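Please treat every number below as a calculation from the coordinates, not as lab data. A quick note: this is a predicted structure, and the numbers were derived from the prediction, not measured. Glycine gets a Cβ as well: all are built from the backbone with ideal geometry, and neighbour counts include every protein chain shown.
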Amino acid sequence: MSPHHGDRPNAKKITGALALATISTVFPGFLIGALSQQVSTEFDVSASRYGWATGAFFIAAMTGSIVLGKLGQVIGPRRQISVTLVVSACAQLTIASAAQSFEMVMAILAVAGFVNAGNQSAVNLALTQAKIERLGVALAVKQSSMPAASMLAGFAVPGISLTIGWRWAFVLGAALAICSLAAIRRVVKAVPVVSQTNQNKPTSRRADLLLAGIGVMFIAFSAGALNGWTVGSGVDAGLGEGSAGLLLSVGAICGITGRMIVGFRLDRNRAPFRIAGFLTLAGALGVATMSLRDANIHSLATIVAFGAGWVWPVPTNFGIIKTNESAAGAATGVTQTGVYIGVATGAPIGGWLIQQFGYDTMWLVVATSAAIGASITLSINRRFMARPAARTLPAIRVT
C-alpha cells in the first residue's frame, strides 16, 4: 500500500477546488470571446477592435505573471488564490452592472486578467505543496479547467446571452468565483514558507524556461484565436449564433477529454514536451481545415483543433513543474508569460486578419503559428525530461 494512500480523498478535494479556482478567474477572458456577436453589436465595434477585449485580459495577465508567480512563493498559494478570486468576482459584477462603453469593458477585463495570472501560478504551486501522488492526473484536471471555462462560455451564448442578456453571463462568472473561494478556504491549507531564497529559484536554466515560453507563445496564439473567433467563424460559415456557441462548447469538451487521456499517462512518461509537440501538430491540421468555408467541415475541423490542439498545457506544465518542484510558481510564472502573450495577441491579430483578408486566411496563419510552436517544443524536449516514476510514486518534496 502506498504510504500516502490515506491522503487520496483529500488530494481529490484539493484538485477539484484548485480546478474550480482556475475556471473562475480565466472564465471572463474566454467569455468575452464567446459573446463577440452580442457585445460588438451593443457597442458597435469592428472585429479587429473587438479582438482587443480578449487581448486586454491576457495582456494584463502577461504583465503580472512573473511578479505574481514569485509573490505566491512568498505569501503562499492559499492567500494569493483567495485574493484573486475576490477581485475577479468584483470585476465581473462591475462589467455586468456598470460597463457603459467598450473601453470600460476592456479596462475591467484587464483587472480580471492581471489577477488571473496570480491565480494560475499559485494553483501550480499549491498542487506541488499538496504532495499529490498522481501529479499528471491532477494537472490534467487543473488544465482541463481552461477548456471547461470555454465550454461554459459557449453554453452561456444560447443559455443566457440570447435569452436574458449578455451581462448576466458575467453575473454567472462572479457567482462561480465566490463558490470557488469557499472551496479553497475549506480544503487548501496554508503552507508556511521555509526558505524564500530557495523557493524563488527554479532549477531549470532561465534560458530554457524562456525558450519554453517562446514555444508555448506560438501555440497559445492559436488558442487565443480559437477561443476568440470559433463562434464568429462558425456564423460566417453558415451556422446559427446558438449553434456556433454550442460548437465552441463541444470543442472544449474534446479538449478536456484529450487532456484527461494524456494526464493519466504522464506520470510514467519521460518526454512530456514530445507529447505536446506532436499533438499540437495534429491540432494545427484541424485549424488549417477550418479555413474551408463550409459549416459541416468547419464543425468537424473545430473538434480536431480543440481535441488535439488544446492538450499541450498539460504535458508542458508537467515537464516544467517536475523539473522545478521547489519553485513551481516562479518557474511557471516565466513560461506562462509566453502563454499570455500568445493568447493576448491571438484574438486581436486574428480580428485584423479577418477584417483585411477573411476567415480563411486567418485560420491558415493561426495553423502556421501552432506548427512553429510545436517545432520549438519538440526541439527542447530533452531539457524538460521528467524522472522515471517508480511503481509507487514518491511524494513531491517541498523545500
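Points worth noting:
- The Cα-based radius of gyration and maximum Cα-Cα distance (Dmax) for the stretch 108-230 are 17.6, 53 Å.
- Mean ellipticity per residue at 222 nm, deg cm²/dmol - from DSSP H runs of n ≥ 4 across the chain, formula -39500 (n - 2.57): -27000 deg cm²/dmol
- Computed from label points 7 Å out along Cα-Cβ, the spacing between Cys90 and Trp168 is 2.7 nm.
- Taking a ≥ b ≥ c as the square roots of the eigenvalues of the alpha carbon gyration tensor, the stretch 35-80 is prolate, as a/c is not under 1.5 and a/b beats b/c.
- Residue among Gly358, Gly154, Gly29 with the largest mean-square fluctuation in a Gaussian network model of the chain, springs linking Cα atoms under 10 Å: Gly358
- Residue with peak Gaussian network fluctuation, the chain [Cα springs, cutoff 10 Å], from Ile32, Ile14, Ile164: Ile164
- The stretch 97-136 shape via C-alpha gyration tensor axes, a/c threshold 1.5: prolate
- Look at where the Cα atoms of the stretch 259-306 and of the stretch 94-167 average out, and the two centres are 22 Å apart.
- Between Val83 and Ala182, the simple label model (points 7 Å from Cα in the Cβ direction) yields a spacing of 2.5 nm.
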